[in-house]
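S.K.: One structure is given below, represented as structure tokens, and several questions about it will come after.
The values are calculated or read from the model by the stated rules, or taken from the named source; none is laboratory data. On a predicted model such as this, the values are computed, not experimentally measured, just so you know. Methodologically, a virtual Cβ is constructed for each residue, glycine included, from the backbone with ideal geometry; neighbour enumeration extends over all protein chains shown. When the accessible area is computed, the model is the full protein with side chains, heavy atoms only, and any ligands, DNA or RNA have been set aside. Shrake-Rupley method; radii C 1.70, N 1.55, O 1.52, S 1.80 Å.
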There are 2 protein chains.
Amino acid sequence: MNEKSNARPHVVILGAGMGGVKAAQCFAGEPVDVTVVDQNNYQFFAPLLYQLSTGILEESEIALPVRQFFRSQSNADFHLGCVTGFDTANKTVFTDTGDISYDYLIVALGSTTRYFGMKDIEEHSFPMKTLSESAAIRDHIMRCIESAAHETDEEKRQALLTFIVVGGGPTGVEEAGAIAELLHNTLPRDYPRLDLKKADVKLIEMTDSLLMMMPMKLRESAAKSLRKKGVDVRLNTAVSNYDGETVTFKNGETVKAYTLIWASGVQAVDVCKELGAKQAGDGRIIVGRDLSVPELPEVYVIGDCAHFIEKSGEPPLATIAPYAMQEAACAAHNIMCQIEGEPQKTFVSHDLGSMAMVGRFAGVMAKGSMTMDGFFAWAAWLAVHVIRLAGWTTNFIVLYKWLLNTLFSTRPACLTRERDEAKNLQ
Amino acid sequence: MNEKSNARPHVVILGAGMGGVKAAQCFAGEPVDVTVVDQNNYQFFAPLLYQLSTGILEESEIALPVRQFFRSQSNADFHLGCVTGFDTANKTVFTDTGDISYDYLIVALGSTTRYFGMKDIEEHSFPMKTLSESAAIRDHIMRCIESAAHETDEEKRQALLTFIVVGGGPTGVEEAGAIAELLHNTLPRDYPRLDLKKADVKLIEMTDSLLMMMPMKLRESAAKSLRKKGVDVRLNTAVSNYDGETVTFKNGETVKAYTLIWASGVQAVDVCKELGAKQAGDGRIIVGRDLSVPELPEVYVIGDCAHFIEKSGEPPLATIAPYAMQEAACAAHNIMCQIEGEPQKTFVSHDLGSMAMVGRFAGVMAKGSMTMDGFFAWAAWLAVHVIRLAGWTTNFIVLYKWLLNTLFSTRPACLTRERDEAKNLQ
């Protein structure tokens, strides 16, 4: 059903995230046909999922239909479907909506949550890697508060008001800060009979500091800002078990909580193993210096599902969007080289710095030896993120909502979802 | 768990729709305690569900957390829970989140979709009475278009591009118009390889005209406007069967379509029968002239689940929001009369007119002998609906989105939902 004419090479790109879309755009005007495949008809902006999960923004504000990226690129097409497998011998990808044959393939399927084999945590905790996972967190937080508002048993009420975020990376830091502000700034006016000062947000990090990719000074600044917002930051602490009501830490301590958000690990999406190529321990596919799979020279892997060692002896390249987009450009370039019989180039990464939002008026950012925290890092974070959002009509709404949230702590999307989608609190 | 002190009468209001919230607000400052119960933490504005289902607006733009209505009303509280039954002898309501005892009860639980016993239609068609039902329609429409874009079988492609709306009331009229504009104005720029001119939107109505509550002139104007937008309006046509792929009409004709939206019947929500009071054929509870249940003088029923005959021999009062809100005020008044030992008043309805949106620049409205159609009715519809939306922050975003939709046919929320929530098209 998706056979392309043999006149032009057919490049199939799996995944419409930052890497996949960027790769497709790099083929604009080239003599190839490009098909982008994704299980959703949209690209979402993962760095703002935490705002969806805490009622600040809505789905359409952080997601854009994939086809809108290709309005002026006539050689790009989109295929809605979930990748289920590969027949690399016959250069074919299987999806739940039909098979697609390719001449060149770019795998940019991204990552999913990693639980390190802890089944109980996988079953009872909330991951936060997709729009619907983030909306589920928002629903659950609102249900916990509503239950707490009528709960007469003090211990149970405290457990309903205890929110545990595991993982001190940017996602965990931003989520913990946003929940604390939701509970302490936004909701009290609607719950006059509930003492939300007793709400307890804990950020749990296994190592001795938050935001490991940042300079030490900023790590401490982030922890300090979070603590000022009322977040109980626990370093050198690891979770060993969670049954939906009680968290057990490695040191034996237990805390009652109906909410545990797991932002502590990522691994390549499961279907990567179907490719039959060599994988690292976290499922990422090991790629060569030109980003192709050594065993499969017409297959490139980029972004969160690629395991790329830039300098031998160093850890693999971090799974962040800027690197995915840089890899996308390199993979697209190398495919054109292959088509034209020219030598491929080695991928070289460029550090664009990193930043995180700790809450209202508090951010941290670092690039090389330059560091910034507090108000200016916060303002820079807002600017960078709104610019990266696709679609100017959306930018305007997002800025408007951020303004209202900053001035009045307004969060327009604090809505539950319908009941069959909710975790049972009884 | 929800016992109130006996010092003040406890009024429990079931349902946070237009009627329920209005009733609660009528008790502001009165010496009673009010508890509003709803299975969602929000009130949604049903007249705009069709805009959610066609990608114009998002959930938070047509829904507002219930508690925000009561920020300045200290005697009102909210209870999140789904009503499961009643013990009227002991004046207790059962919910899935605990029992609630009452002195006075207002039942304002609203209506659900009615299939008139047609199980195959209930199984395969899309209802449109809630936020998630409307989001499911949006998801399904987008999946049908995506499938059509790669479908080589012409008959199947046509079935994917055929959208059938059943029911010629305001919901059906608005939904058919909005789908036609989505297919013909918004989407073509994103599907250059798909001939969306072949998309077929049919509006099916059993009687001989649309919008039965309107004067004849406007009914014809609405049908004409829809036809101009490319909607195939079929009057005097009834659906007898739908298996998910083929619609069969009463006259034996069949049409292949993967989408059938059922906007053709309403009935009181199921739990009304648990009250044990007399019900009409559509499940509505038969109330007396003061809106109380004859057998249960401390129980009032208002809105879509009340069967109220204003003048004997006439049909029961229509299930529309303005009447629900008028009934709310009367029920609240009568409860205060009961408490104070004064006589209750008879409910008298006031016709506020009716209006419907047929699409861009086309509306119809009627009040008494005054009628209007075309551009001015369209503009009046916009004004009335944005004013009725709760929350000024939202009004601004809605107006902005309507402006962009009117000027550029922009629909920012044309997103699929995650796969496990979708109807299978294979």
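S.K.: Mind checking which residues of the range A:98-111 are β-branched (Val, Ile, Thr) and away from chain B (no Cβ under 14 Å)?
M.R.: Of the residues in the range A:98-111, the ones β-branched (Val, Ile, Thr) are A:100, A:106-107.
Result: A:Ile106, A:Val107.
S.K.: Among the listed residues B:Leu415, B:Leu404, B:Leu389, B:Leu425, which satisfies the condition of being surrounded by 14 or more Cβ atoms within 10 Å (Cβ to Cβ), modelled with pLDDT under 85 and facing chain A (nearest Cβ under 10 Å)? Spell out the reasoning first.
M.R.: Working: B:Leu415 fails: modelled with pLDDT under 85; B:Leu404 fails: modelled with pLDDT under 85; B:Leu389 fails: facing chain A (nearest Cβ under 10 Å).
Exactly one residue qualifies, and that residue is B:Leu425.
S.K.: Okay, moving on. If A:Gly168 satisfies all but one of (1) part of a loop (DSSP other than H, G, I, E, B); (2) surrounded by 17 or more Cβ atoms within 10 Å (Cβ to Cβ); (3) at pLDDT below 95, what's the number of the condition it fails?
M.R.: (3)
Yes/no per residue for (1) closer than 28 Å to A:Asp304 by Cβ; (2) touching a strand residue (DSSP E or B) at 6+ places or on another chain (Cβ under 6 Å); (3) open to solvent by 10 Å² or more (accessible area, probe 1.4 Å):
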residue	(1), (2), (3)
A:Ser147	no, no, yes
A:Arg157	no, no, yes
A:Pro192	no, no, yes
A:Met206	yes, no, yes
A:Arg227	no, yes, yes
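S.K.: So, one more: For the range B:334-341, does any single residue satisfy the condition of being among the acidic types (Asp, Glu), more than 13 Å from every other protein chain (Cβ to nearest Cβ) and in a loop (DSSP other than H, G, I, E, B)? Break it down into steps so the answer makes sense when it comes.
M.R.: Of all residues in the range B:334-341, those among the acidic types (Asp, Glu) come to B:340.
Cutting the leftovers down to more than 13 Å from every other protein chain (Cβ to nearest Cβ) gives us B:340.
Adding the requirement that they be in a loop (DSSP other than H, G, I, E, B) leaves none.
No, that holds for no residue.
S.K.: Yes or no: A:Leu218 more than 17 Å from A:Phe126 (Cβ to Cβ), touching a helix residue (DSSP H, G or I) at 6+ places or on another chain (Cβ under 8 Å) and assigned by TED's automatic domain parsing to the domain that holds A:Ala377?
M.R.: On the way: more than 17 Å from A:Phe126 (Cβ to Cβ): yes; touching a helix residue (DSSP H, G or I) at 6+ places or on another chain (Cβ under 8 Å): no; assigned by TED's automatic domain parsing to the domain that holds A:Ala377: yes.
No.
S.K.: Another question about this same structure. Does any residue in the range B:24-39 that is among the acidic types (Asp, Glu) come within less than 6 Å, Cβ to Cβ, of a residue that is open to solvent by 30 Å² or more (accessible area, probe 1.4 Å) and outside any helix (DSSP H, G or I) six or more places away or on a different chain, and which pairs are these?
M.R.: Note: pairs meeting the criteria are B:Asp33/B:Lys4; B:Asp33/B:Arg8.
S.K.: Sticking with this one: Restricting attention to the range A:112-133, and to residues there that are open to solvent by less than 30 Å² (accessible area, probe 1.4 Å) and more than 11 Å from chain B (Cβ to nearest Cβ), which single residue is nearest to A:Val287 (Cα to Cα)?
M.R.: Among residues in the range A:112-133 that are open to solvent by less than 30 Å² (accessible area, probe 1.4 Å) and more than 11 Å from chain B (Cβ to nearest Cβ), the one nearest to A:Val287 (Cα to Cα) is A:Thr113.
S.K.: Still on this structure, I have one more. May I ask you to list the residues in the range A:355-381 that are part of a loop (DSSP other than H, G, I, E, B) and either buried (at least 22 other Cβ atoms within 10 Å of the Cβ) or in contact with a helix residue (DSSP H, G or I) (Cβ under 8 Å, 6 or more places away or on another chain) (or both)? Lay out the reasoning, then the answer.
M.R.: From the range A:355-381, those part of a loop (DSSP other than H, G, I, E, B) are A:360-361, A:368-369; that's our starting set.
Result: A:Arg360, A:Phe361.
S.K.: In the range B:162-183, how many residues are touching a strand residue (DSSP E or B) at 6+ places or on another chain (Cβ under 6 Å) and not charged (D, E, K, R)? Write out each step before concluding.
M.R.: First, the residues of the range B:162-183 that are touching a strand residue (DSSP E or B) at 6+ places or on another chain (Cβ under 6 Å): B:162-166, B:170, B:172-177, B:179-181.
Checking the rest, the ones that are also not charged (D, E, K, R) come to B:162-166, B:170, B:172-173, B:176-177, B:179-180.
Selection size over the range B:162-183: 12.
One line per residue, one yes/no per condition, for (1) among the hydroxyl-bearing types (Ser, Thr, Tyr); (2) open to solvent by 50 Å² or more (accessible area, probe 1.4 Å); (3) at pLDDT below 95:
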| site | (1), (2), (3) |
| --- | --- |
| B:Ser5 | yes, yes, yes |
| B:Phe27 | no, no, no |
| B:Pro31 | no, yes, no |
| B:Tyr42 | yes, no, no |
| B:Leu52 | no, no, no |
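S.K.: Follow-up. Report, by residue number, each residue of the range A:202-227 that is more than 23 Å from the chain's Cα centre (by Cα) and free of Cβ contacts under 8 Å to residues at least 24 places away in the same chain.
M.R.: Those that are more than 23 Å from the chain's Cα centre (by Cα) and free of Cβ contacts under 8 Å to residues at least 24 places away in the same chain: A:Met216, A:Glu220, A:Lys224, A:Arg227.
S.K.: Looking at the range B:246-272, which of the residues that are touching a residue at least 24 places away in the same chain (Cβ under 8 Å) and exposed (fewer than 15 other Cβ atoms within 10 Å of the Cβ) is farthest from B:Thr84 (Cα to Cα)?
M.R.: B:Lys256
S.K.: Separate question: When you scan the range B:63-79, do you find a residue that is surrounded by fewer than 20 Cβ atoms within 10 Å (Cβ to Cβ), over 23 Å from the mean Cα position of the chain (by Cα) and within 9 Å of chain A (Cβ to nearest Cβ), even just one?
M.R.: Yes, there is a match, as at least one residue in the range B:63-79 is surrounded by fewer than 20 Cβ atoms within 10 Å (Cβ to Cβ), over 23 Å from the mean Cα position of the chain (by Cα) and within 9 Å of chain A (Cβ to nearest Cβ).
S.K.: Can B:Val384 be described as at pLDDT 85 or above, assigned to a helix (DSSP H, G or I), surrounded by 21 or more Cβ atoms within 10 Å (Cβ to Cβ) and not charged (D, E, K, R)? Quick ask: steps written out before the conclusion?
M.R.: Values: at pLDDT 85 or above: yes; assigned to a helix (DSSP H, G or I): yes; surrounded by 21 or more Cβ atoms within 10 Å (Cβ to Cβ): no; not charged (D, E, K, R): yes.
No; evaluated as a whole, the condition is false for this residue.
S.K.: Another one. Starting from residues that are open to solvent by 80 Å² or more (accessible area, probe 1.4 Å) and at pLDDT below 95, keep the ones in the range A:326-354 and report whichever is farthest from A:Lys367 (Cα to Cα).
M.R.: A:His350
S.K.: Could I ask something else about it? Any chance the range A:323-335 includes a residue that's aromatic (Phe, Trp, Tyr) and touching a residue at least 40 places away in the same chain (Cβ under 8 Å)? Break it down stepwise before answering.
M.R.: Keep residues of the range A:323-335 that are aromatic (Phe, Trp, Tyr), which gives A:323.
Still in the running and touching a residue at least 40 places away in the same chain (Cβ under 8 Å): none.
No, that holds for no residue.
S.K.: If you don't mind, another one. Mind listing whichever residues of the range B:8-52 are small (Gly, Ala, Ser) and outside the structural domain of B:Thr97 (by TED's automatic domain parsing)? Write out each step before concluding.
M.R.: Within the range B:8-52, the subset small (Gly, Ala, Ser) is B:15-17, B:19-20, B:23-24, B:28-29, B:46.
Across the range B:8-52, the qualifying residue is only B:Ala46.
S.K.: Looking at the range B:83-97, which of the residues that are within 14 Å of chain A (Cβ to nearest Cβ) and surrounded by fewer than 16 Cβ atoms within 10 Å (Cβ to Cβ) is nearest to B:Pro294 (Cα to Cα)? Spell out the reasoning first.
M.R.: If we filter the range B:83-97 for residues that are within 14 Å of chain A (Cβ to nearest Cβ), which is where we start, we get B:83-84, B:93-97.
Narrowing further to those that are surrounded by fewer than 16 Cβ atoms within 10 Å (Cβ to Cβ): B:84, B:96.
Numbers: B:Thr84: 22, B:Asp96: 27 Å.
It comes out as B:Thr84.
S.K.: Still on this model: Out of all the residues in the range A:300-326, which are outside any loop (DSSP other than H, G, I, E, B) and under 29 Å from A:Gly117 (Cβ atoms)?
M.R.: Our first condition is that a residue be outside any loop (DSSP other than H, G, I, E, B); within the range A:300-326, this holds for A:300-301, A:303-307, A:321-326.
Residues satisfying the conditions are A:Val301, A:Gly303, A:Asp304, A:Cys305, A:Ala306, A:His307, A:Ala321, A:Tyr323, A:Ala324.
S.K.: Would you tally the residues in the range B:287-309 being out of contact with any Phe, Trp or Tyr (no Cβ under 8 Å at 6 or more places or on another chain) and open to solvent by 10 Å² or more (accessible area, probe 1.4 Å)?
M.R.: So the answer is 8.
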